[in-house]
Amino acid sequence: LGTVGAEASAALGVDLPTAPDTWVPTGTGRAVWLGPEEWLLTSSTEAPEDLEVRVRAAVRPLGGSAADVSAQRTVLRLTGARVREVLAKGCSIDLHPRVFGRGRSAQTTLGQAGVVLLALSDAGEDFALFVRSSFAGHLADWLLDAVLEFTPTSTS
């Protein structure tokens with residue numbers, strides 16, 4: 001972990017992930033490794049602008065930066081016994097729990113939309129998808145279509 005990352009870790013009170021394609025819980029949110037010295041930070045309780053100010057204060061003296069990108073992405077939570085099969089229809093990475101269990105993340109495409117995918121369980125039944133807001137409608141439509149194969153049909 002570089003100096004900037006160490007300072008950000010101290011400001012957040014959590015060890016930021018240093019291994020590629022991983023995420024860690026941060027109390028009320030998550031820290032997702034996006035690249036060397038680059039993380040996506042979330043919080044369910046702290047306002048994005050407050051989180052930005054707090055992290056910026058810690059990393060700016062060391063040449064680091066922090067930017068609020070909360071308006072840029074929409075988060076979708078996908079759960080269920082067949083969710084991996086649905087995701088596999090438009091995502092080429094191996095989502096088997098042996099290789100993509102809780103704590104793993106990937107920057108990939110799903111249904112031709114760029115996403116950051118997080119595994120939230122070891123069973124492979126719970127995922128979070130970060131997608132650019134401008135693609136969220138397209139991806140939601142794609143997911144609804146992809147899930148049709150696994151939806152029971154009723155007969156009259």
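The values are calculated or read from the model by the stated rules, or taken from the named source; none is laboratory data. It should be emphasised that the depicted structure is a prediction, and the values quoted were computed from it without experimental measurement. With ideal geometry, Cβ positions are generated from the backbone for all residues, glycine too; neighbour counts draw on all protein chains shown. We work out accessible area using only protein heavy atoms, side chains counted, and drop any ligands, DNA or RNA first. Shrake-Rupley method; radii C 1.70, N 1.55, O 1.52, S 1.80 Å.
Applying the criterion of being in contact (Cβ under 8 Å) with a residue 40 or more places away in the chain and closer than 11 Å to Leu76 by Cα to the residues of the range 92-125, the residue that is surrounded by the most Cβ atoms within 10 Å (Cβ to Cβ) is Leu118. For the range 40-60, a tally of residues being open to solvent by 80 Å² or more (accessible area, probe 1.4 Å) and out of contact with any helix residue (DSSP H, G or I) (no Cβ under 8 Å at 6 or more places or on another chain) returns 6. Scanning the range 126-140 for residues that are open to solvent by 20 Å² or more (accessible area, probe 1.4 Å) and closer than 25 Å to Thr18 by Cβ gives a single hit, Asp126. For the condition crowded, with 19+ Cβ neighbours inside 10 Å, of a type outside the set (D, E, K, R) and within 26 Å of Ala146 (Cβ to Cβ), Val86 qualifies.
Within the range 41-57, residues that are under 16 Å from Gly5 (Cβ atoms) and assigned to a loop (DSSP other than H, G, I, E, B) reach no partner that is open to solvent by less than 90 Å² (accessible area, probe 1.4 Å) and among the aliphatic types (A, V, I, L, M) with beta carbons closer than 6 Å at six or more positions or on different chains. Inside the range 68-80, residues that are out of contact with any strand residue (DSSP E or B) (no Cβ under 7 Å at 6 or more places or on another chain), open to solvent by less than 80 Å² (accessible area, probe 1.4 Å) and among the aliphatic types (A, V, I, L, M) make up a count of 1. The one condition from (1) touching a Phe, Trp or Tyr at 6+ places or on another chain (Cβ under 8 Å); (2) at pLDDT 95 or above that Thr109 does not meet is (1). Condition test on Leu144, is it surrounded by 13 or more Cβ atoms within 10 Å (Cβ to Cβ) and of a type in the set (A, V, I, L, M)? Considered against the rule, which asks whether it is surrounded by 13 or more Cβ atoms within 10 Å (Cβ to Cβ) and of a type in the set (A, V, I, L, M), Leu144 comes out as no. Of the listed requirements (1) under 19 Å from the mean Cα position of the chain (by Cα); (2) modelled with pLDDT under 95, Val131 misses just one: (2). Restricting attention to the range 1-40, the residues that are in a loop (DSSP other than H, G, I, E, B) and within 11 Å of the chain's Cα centre (by Cα) add up to 2. The number of residues in the range 20-35 being free of Cβ contacts under 8 Å to residues at least 24 places away in the same chain, more than 14 Å from Gln107 (Cβ to Cβ) and open to solvent by 40 Å² or more (accessible area, probe 1.4 Å) comes to 3. Going by the structure shown, is Phe100 aromatic (Phe, Trp, Tyr) and closer than 24 Å to Leu51 by Cα? Criteria not met by Phe100.
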